[in-house]
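Trainee: Dropping the structure in here first, questions after.
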Amino acid sequence: MNRYAAALSRHPLPAHAVGETAGEVLEALGGADPDLLWCFATPHFADGLDDVVEVLSSLLDPRVVVAATASGVVGGDQEVEAGPALSVFAACLPDAEIHPVHLRAVHGPEGAEAVGWPDATHGADLLLGVADPFTFPTDAVLARLAVDRPGLRVLGGLASGAAAPGRTRLWVDGRVVTDGLVGVACEGVPVHTVVAQGARPVGDPWVVTAGGPGRIDALGGRPVLERLRDLVEAAPPEERALLQGLQIGFVVDEHRAEFGRGDFLVRSVLGVDRRSGSVTTAEAETVGRTVQFQVRDAATADEDLRLALADPDLSAAAVLCFTCVGRGRDLFGVPGHDAGAIADRFGTVPVSGMFCSGEIGPVGTTSFVHGHTASLACFGR
C-alpha cells in the first residue's frame with residue numbers, strides 16, 4: 001500500500017472534480033483511509049468549497065482536513081495557473097501526532113502573537129499552513145514563534161487569488177473560515193523542508209555599519225551607494241540589467257566563516273534615497289548584520305531550485321509545493337517549471353500544492369515569509 005497519494009482534476013464541475021480526485025486517491029492508497037488530506041482549489045470552486053471538502057471527506061474519511069483557495073494549483077508535474085482546478089493530497093501517517101489548527105493574531109505585550117493552539121500541539125515540531133494575507137500578520141507572528149516555540153518549523157504560504165478582505169476561503173476542523181491561518185501541527189512526521197529563494201549573491205559581503213530600522217546607510221564603513229556603484233562598475237554587461245531589480249540578502253547565521261546560497265534571507269530593495277545616500281528594505285533590524293547584494297532571474301531561480309533538490313541526503317516519497325505567483329509561466333516562460341523540477345529529481349511521486357502571495361519556510365532554524373520562492377515539504381519514505 002502507498003502511504004501517499006495526490007490527484008489533480010481540471011473539470012469545471014465540482015462533482016466531477018471531486019469524483020476524479022477521490023477515485024485516484026482511493027486507488028493509490030488501496031482503499032486505506034488517509035490521516036491527512038490537503039485540498040487546493042482555484043477561485044472557481046471558492047463559493048462551493050465547503051461542499052467540495054465535505055464530499056471528499058465523506059469519501060476518503062481522513063483524520064485531519066485542510067483546504068485553501070489559490071489563484072493556481074500544483075498537481076503531479078503540472079501547474080494550473082488559469083482556469084478551474086482541484087488538487088488533492090493524502091497521507092497515511094498512523095504513527096504521527098497531527099492536529100488541525102486555526103490560528104488568529106492578537107496584539108500582545110511583545111507584539112503580534114498567534115492564539116488558537118490546541119493543547120495537544122505543545123510537542124509539535126512542524127506546522128504546515130496557509131494564511132489569509134489580509135488578516136494574519138505572518139511576518140510578525142513568525143518572529144514571535146521563533147521565541148515562543150523555537151523548535152517549530154513553519155512551511156506553507158499566503159493564500160492568493162482573493163482580491164479583497166473576506167474573499168479568501170480556508171477550511172479546517174469542519175468549517176470554512178476567511179481569516180487567520182489554517183493548517184496542521186505535526187509531531188513525528190518525517191518531513192525535510194526545502195526553501196529555494198531563486199536568488200544568488202553578487203559582489204562581496206559587508207557588515208552594515210550605519211542605518212536604522214528598514215534602512216541601510218553604510219556598508220563596511222563606506223556609504224552604501226558607493227558600494228553599489230562599485231558593484232555595477234565591476235559587473236559584466238550581461239549582469240548589469242539584473243542589478244536593476246536588486247535584492248539584498250541578510251546572513252542568517254553570523255557564525256559561519258563563508259557565505260553562499262542558502263545562507264541568506266533575501267529581501268527586496270524597496271528604494272534608494274540619493275539625497276541621504278540610504279537604501280530601504282523590509283527587514284527591520286539592519287545595523288551590525290552581514291549582508292550581500294543578490295540578483296534574481298529565471299536562470300538563477302531554476303538553478304537555485306535544482307541545487308537545493310540535488311542535496312544527496314534529500315529524498316521524498318511525496319511533496320507539498322508552495323510556489324510564488326511571481327514564478328510559473330511569467331518568470332520561466334513555460335508552464336510547470338517547479339513541478340517539473342520536482343519530477344526530475346524524485347520521479348513520479350505524489351505532488352500537490354498551490355501558488356502563493358508569499359511563501360513560508362525556514363532558513364537556518366528560523367521560519368520567514370519569502371517572495372519569488374518555492375517552499376517544499378518533502379515527506380520521507
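The values are calculated or read from the model by the stated rules, or taken from the named source; none is laboratory data. What you are looking at is a predicted structure, and each value in this text was computed from that prediction instead of being measured. Every residue, glycine as well, gets a Cβ built from its backbone with ideal geometry; the counts of neighbours run over all protein chains shown.
Trainee: When the residues of region 228-253 are narrowed to those that are among the charged types (D, E, K, R) and surrounded by 11 or more Cβ atoms within 10 Å (Cβ to Cβ), which ends up nearest to D204 (Cα to Cα)?
Mentor: My answer is D230.
Trainee: Just one of A374, A339, A317 is surrounded by fewer than 20 Cβ atoms within 10 Å (Cβ to Cβ), touching a strand residue (DSSP E or B) at 6+ places or on another chain (Cβ under 6 Å) and aliphatic (A, V, I, L, M); which is it?
Mentor: The unique qualifying residue is A317.
Trainee: For region 275-306, what are the residues that are of a type outside the set (S, T, N, Q), assigned to a helix (DSSP H, G or I), buried (at least 17 other Cβ atoms within 10 Å of the Cβ) and in contact (Cβ under 8 Å) with a residue 60 or more places away in the chain?
Mentor: A301, D304, L305
Trainee: For V207, are the conditions met, namely being surrounded by 17 or more Cβ atoms within 10 Å (Cβ to Cβ) and among the aliphatic types (A, V, I, L, M)?
Mentor: Against the criterion (surrounded by 17 or more Cβ atoms within 10 Å (Cβ to Cβ) and among the aliphatic types (A, V, I, L, M)), V207 does not qualify.
Trainee: Residues being at pLDDT 95 or above and in contact with a helix residue (DSSP H, G or I) (Cβ under 8 Å, 6 or more places away or on another chain): count how many of those fall in region 359-371.
Mentor: 4
Trainee: Right, another one. With the requirement that a residue be under 24 Å from L305 (Cβ atoms) and touching a residue at least 60 places away in the same chain (Cβ under 8 Å), what does region 228-261 give you?
Mentor: V252, D253, R261
Trainee: Looking at this structure, is A114 over 16 Å from the mean Cα position of the chain (by Cα) and either of a type in the set (D, E) or in a helix (DSSP H, G or I) (or both)?
Mentor: no
Trainee: Across region 117-147, what is the number of residues that are buried (at least 17 other Cβ atoms within 10 Å of the Cβ), not β-branched (V, I, T) and not in a helix (DSSP H, G or I)?
Mentor: Number of matching residues: 11.
Trainee: Return only the number of the condition from (1) touching a residue at least 24 places away in the same chain (Cβ under 8 Å); (2) surrounded by fewer than 24 Cβ atoms within 10 Å (Cβ to Cβ); (3) closer than 30 Å to V106 by Cβ that V184 does not satisfy.
Mentor: Every condition holds for V184 apart from (2).
Trainee: For region 331-381, what are the residues that are part of a loop (DSSP other than H, G, I, E, B) and among the polar types (S, T, N, Q)?
Mentor: Hits for region 331-381 are T348, S357, T365, T373.
A quick yes/no check of all residues on (1) assigned to a strand (DSSP E or B); (2) closer than 28 Å to D95 by Cα; (3) not small (G, A, S):
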| site | (1), (2), (3) |
| --- | --- |
| A6 | yes, yes, no |
| H11 | no, no, yes |
| G23 | no, yes, no |
| E27 | no, yes, yes |
| A32 | no, yes, no |
| C39 | yes, yes, yes |
| F45 | no, no, yes |
| G48 | no, no, no |
| V53 | no, yes, yes |
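Trainee: Kindly list, by first and then second residue, each pair from a residue in region 162-176 that is of a type in the set (F, W, Y) to a residue that is in a strand (DSSP E or B), limited to pairs with Cβ atoms under 6 Å and residues at least 6 apart or on different chains.
Mentor: Listed by first residue and then by second, the contacts come to W171/A67.
Trainee: Kindly check whether there is at least one residue in region 288-296 that is more than 21 Å from A70 (Cα to Cα) and under 19 Å from the mean Cα position of the chain (by Cα).
Mentor: Yes, region 288-296 contains at least one residue that is more than 21 Å from A70 (Cα to Cα) and under 19 Å from the mean Cα position of the chain (by Cα).
Trainee: So, A96, is that one within 20 Å of the chain's Cα centre (by Cα) and in contact (Cβ under 8 Å) with a residue 40 or more places away in the chain or not?
Mentor: no
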